[in-house]
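Visitor: Here it is, the structure in full.
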């Protein structure tokens with residue numbers, strides 16, 4: 001795997017983009033805040049309205065959006081090297097389907113936010129266990145069976161989700177649809193924000209440690225074994241690392257599509273294929289992308305908020321098509 005010629009300029013550019021997206025998330029909203037007021041609220045918090053808006057509403061939300069985007073981009077990059085499939089994304093293995101069935105069932109029964117999160121987590125963990133149990137037998141790891149099991153499970157969960165939406169009262173359907181299309185607003189003040197950042201740091205650190213092995217694995221299993229890589233433990237670790245990152249993102253903001261699919265491809269279209277650089281750049285770009293999308297989702301029709309998953313698709317599709325049209 002050849003390293004990019006000039007990866008540091010990309011890293012510097014993406015760091016600036018990350019800082020700019022976070023600041024834009026603090027600056028824009030249904031209430032106009034001056035830049036000086038935001039800076040003063042960050043440096044010396046007080047009991048004024050500006051400090052309360054910044055610390056209680058906007059700062060937790062932009063941090064949640066950035067962590068969620070980084071988690072999805074990281075999970076997408078890991079699954080694409082695991083499955084050697086450019087269409088792989090964090091939800092391809094049925095994790096989001098299981099979480100959606102659990103969360104929507106709790107909403108249908110009228111349970112509170114805590115139980116909704118718990119049932120969502122239970123559904124995601126059940127999907128992970130089912131896919132892994134059917135794909136890993138007697139020490140044999142079959143990636144084709146893994147992919148097929150995930151696709152079939154996703155289809156079944158999609159049918160159950162449609163059934164729940166059909167049976168749900170009209171007053172509950174909007175909240176369910178927002179969960180299915182992504183809603184970062186529910187992450188404000190949630191304890192899951194810190195756990196999402198901890199998960200992102202841990203999974204990213206472990207992935208970076210094995211980034212050299214990921215480069216070799218991307219060449220194929222046979223070549224990786226020939227070069228001395230322990231393929232089976234590495235594949236299992238990639239699967240559970242990607243699943244853990246996906247679950248953390250789901251618990252934080254629901255199902256937000258397209259981020260885990262498009263962001264790794266954008267990095268590769270920039271000429272960066274070395275996972276030592278691809279992973280951190282994907283996390284920075286994924287976090288920035290979702291933060292900007294969420295800022296638009298809550299400001300375009302303020303005070304009404306749009307599902308952030310709609311914005312990620314509307315922004316991501318033209319971006320990827322533009323990059324593909326320019327790629328030789």
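Each value in this text was obtained by applying a stated rule to the coordinates, not by laboratory testing. These figures come from a predicted structure and were not determined experimentally. So basically every Cβ, Gly included, is an ideal-geometry build from the backbone, and we count neighbours across all protein chains shown.
Visitor: Please report the relative contact order for the chain, taking Cα pairs under 8 Å with a sequence separation of at least 6, and give it as a percent rounded to a whole number. Provide the component values of the computation, followed by the final result.
Guide: Numbers: 480 pairs, mean separation 102.9, N = 328.
Once normalised by length, the contact order is 31 percent.
Visitor: Let me ask you something else. What whole number of Å gives the distance from the Cα centroid of region 263-316 to the Cα centroid of region 1-62?
Guide: So the two Cα centres are separated by 15 Å.
Visitor: Let me ask something additional. Can you tell me how much longer the chain between residue 310 and residue 201 gets when fully stretched, taken as 0.36 nm per residue apart minus their C-alpha distance, in nm with one decimal?
Guide: Result for the pair: 36.5 nm of gain on full extension.
Visitor: Follow-up question, since we're still on this one. If you rank 31, 116 by fewest surrounding Cβ atoms within 10 Å, what's the result?
Guide: Ordered from fewest to most neighbouring Cβ atoms within 10 Å, 31, 116 come out as 31, 116.
Visitor: Then there's this: Which of 12, 178, 258, 240 comes first, and how do the rest follow, when ranked by fewest Cβ neighbours within 10 Å?
Guide: 12, 240, 178, 258
Visitor: What shape does region 7-326 take by its C-alpha gyration tensor, where a ≥ b ≥ c are the square roots of the eigenvalues and a/c under 1.5 counts as rounded, a/b above b/c as prolate, and the rest as oblate?
Guide: Note, shape of region 7-326 comes out oblate.
Visitor: Neighbour counts of other C-beta atoms within 10 Å: give me 55, 141, 301 arranged from fewest to most.
Guide: 301, 55, 141
Visitor: Under the 0.36 nm per residue contour assumption, what length would be gained going from the current alpha-carbon distance of residue 269 and residue 232 to full extension?
Guide: Using 0.36 nm per residue and subtracting the Cα-Cα distance, I get 10.4 nm.
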